[in-house]
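K.L.:
Got a structure for you, questions after.
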Amino acid sequence: MDSVLHKILTDAMDKKASDVSFLPQKNSYIVKFCVAGRFEAYDEFDLERASQWIGFLKYRADMSLAEQRRPQLGSWELEHNGQPVYCRLSTVGDFLNRESLVVRLIYQEELQKTKKCFYIDQWDRLFSACQKRGLILLSGPMGSGKTTTMYELARKMTDKQIMCIEDPVEIAEPRFLQVQVNEKAKMSYYDLLKVALRHHPDVFIIGEIRDELTAKTAVNAALSGHLVLSTVHATSVYGIWQRMINLGISPEELEQTMRLASYQRLIPRKNGGSSVLFDFLDIDELEESIRENSGKNRQMTKEWGERLGICVKNGEIAEETASMFLQG
């Protein structure tokens, strides 16, 4: 690997960046890191050299070097400080046939409560919900650690058979049965879920509920006695319910299956690094907010703001950081 490219990736991993972006400019490429949900410019490089780096990374991720316009996905594994780091690569070409590349970095270190969560009791509540059968839905922006959360919850269920369906598989876990979506081979989330049910796993990890068929199959899996962990696009815990309704799931089905709605953000600490803050609503709280119409147009629960305030009081985060994340 080119020494400069190696330094870029090493610097990104040292900062615990979630993404490294190689973006074409007029006569150059700019490299950006996404750290704790915020993008920062790293450096600028000439077009030819950056294009060579992109070609090298595509080759290592088993992506087509001949295709430079259409979107491609690939994966690769690095090592940093003796720990594996899983890289999910995504490329697409612009109208001038210049490729942009984003490398998602997924760290395999264990989610240590005292370092990775602001509040131990929030992690305990999430894990407690996993002791019941049903549906646990996680939301949050890209890079907020949803996949890591699901995997760490599953790793602690040592007596369970766990099956993961993802697009693509982001974290290799030999103890789990992991399958990958491949639309060209007619292996969609829906198709794989149908087959997976015949394997009788105790726990499903579904990378993302993105359409009506997947939503319906996930609910059916929960109704048939499985624990299902998945993510949905929503800007808050209140939005999770409505998102599932929009995907064709009835309120009655959600009442029967949903155990917990969770929203999470990675929030920068004063002393460097970042930790997860969760916002939760269980099914009873969701139903109450819907009956009273109190959840309409609400972003975050009252507890979210209170917990941010405690973090400021304890000197863990800055006041401006708390204000930035107050609405999620």
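K.L.:
Sort 269-275, 214-220 by the packing proxy (mean of other Cβ within 10 Å over each peptide's residues), most packed first.
P.N.:
Highest to lowest by the protection proxy: 214-220, 269-275.
K.L.:
Have a look at A318, A154, A41 and tell me which one the Gaussian network model of the chain (Cα, springs below 10 Å) gives the largest fluctuation.
P.N.:
So, out of A318, A154, A41, the one fluctuating most is A41.
K.L.:
For the Cα atoms of the chain, what angle does the longest principal axis make with the long axis of helix 302-313, in degrees from 0 to 90, nearest 10?
P.N.:
It works out to around 50 degrees.
K.L.:
Once the Cα gyration tensor of region 201-327 is found, what semi-axes does its equivalent ellipsoid get, as square roots of 5 times the eigenvalues, in whole Å, sorted largest first?
P.N.:
The three semi-axes for region 201-327 are 30, 17, 12 Å.
K.L.:
Also: Given the -39500 (n - 2.57) contribution per DSSP H run of 4+ residues, what per-residue ellipticity at 222 nm results for the chain, rounded to the nearest 500 deg cm²/dmol?
P.N.:
Mean residue ellipticity at 222 nm (helix-derived): -10000 deg cm²/dmol.
K.L.:
Choose one of T214, V195, V181: the residue whose Cα lies farthest towards the positive end of the charge dipole of region 165-293 (beta-carbon charges +1 Lys, Arg; -1 Asp, Glu; about the Cα centre).
P.N.:
V181
K.L.:
With +1 assigned to the C-beta of every Lys and Arg and -1 to the C-beta of every Asp and Glu, and no other charges, what is the dipole magnitude of the chain about the Cα centre in debye, to the nearest 20?
P.N.:
With Lys and Arg at +1 and Asp and Glu at -1, about 140 debye.
K.L.:
In nm, give the distance between the simple-model label positions of E285 and N27, each being 7 Å from the Cα along the Cα-to-Cβ direction.
P.N.:
The answer from the label model is 5.6 nm.
K.L.:
About the Cα centre of region 3-107, what is the dipole size in debye to 20, counting +1 per Lys and Arg Cβ and -1 per Asp and Glu Cβ, all else neutral?
P.N.:
220
K.L.:
Can you work out ³J(HN,Hα) from phi for every residue in region 59-64, in order, using Karplus 6.51 cos²θ - 1.76 cosθ + 1.60 and θ = phi - 60°, giving whole Hz and x for Gly and Pro?
P.N.:
4, 5, 8, 6, 9, 6
K.L.:
Relative contact order of region 113-325, please, whole-number percent, based on alpha carbon pairs below 8 angstrom and at least 6 residues apart.
P.N.:
Once divided by the residue count of region 113-325, the mean separation gives 24 percent.
K.L.:
Show the residues, 5+ positions off or on another chain, whose built amide H is closer than 5 Å to the amide H of D19.
P.N.:
The list, which skips near neighbours in sequence, is C34, L105.
K.L.:
Taking a spot 7 Å from the Cα of S250 along the direction of its beta carbon, which residues of region 212-235 have an amide N less than 17 Å from it?
P.N.:
Within reach of a label on S250, which here means backbone N under 17 Å from a point 7 Å along Cα→Cβ, region 212-235 contributes 213, 215-224.
K.L.:
Continuing with the same structure: Suppose a student asked you for the relative contact order of region 3-107, using Cα pairs under 8 Å spaced at least 6 residues apart; what percent would you report?
P.N.:
So the answer I get is 24 percent.
K.L.:
Next question. Report the charge-dipole magnitude of region 55-166 in Debye, nearest 20, computed about the Cα centre from +1 at each Lys and Arg Cβ and -1 at each Asp and Glu Cβ.
P.N.:
280
K.L.:
Here's another thing I want to ask about it. May I ask you to evaluate 6.51 cos²θ - 1.76 cosθ + 1.60, the Karplus curve with θ = phi - 60°, for each residue of region 266-276 and list the ³J(HN,Hα) values in order in whole Hz, giving x for glycine and proline?
P.N.:
Working through the residues one at a time gives 8, 10, x, 8, 4, 8, x, x, 8, 9, 8 Hz.
K.L.:
Within region 253-291, which residues have the backbone N less than 20 Å from the label spot 7 Å out from I310 along Cα→beta-carbon, could you tell me?
P.N.:
Under 20 Å, as judged by backbone N against the label point of I310, lie 261-271, 274-282, 285 of region 253-291.
K.L.:
Mean separation of Cα pairs under 8 Å and 6+ residues apart, divided by the residue count of region 210-317: what relative contact order is that in percent?
P.N.:
25
Where a number appears in this text, it was derived from the coordinates with a stated rule and is not lab data. Everything numeric in this text was worked out from a predicted model, so none of it was measured. Please note: Cβ atoms are built from the backbone with ideal geometry, for glycine as well, and neighbour counts cover all protein chains shown.
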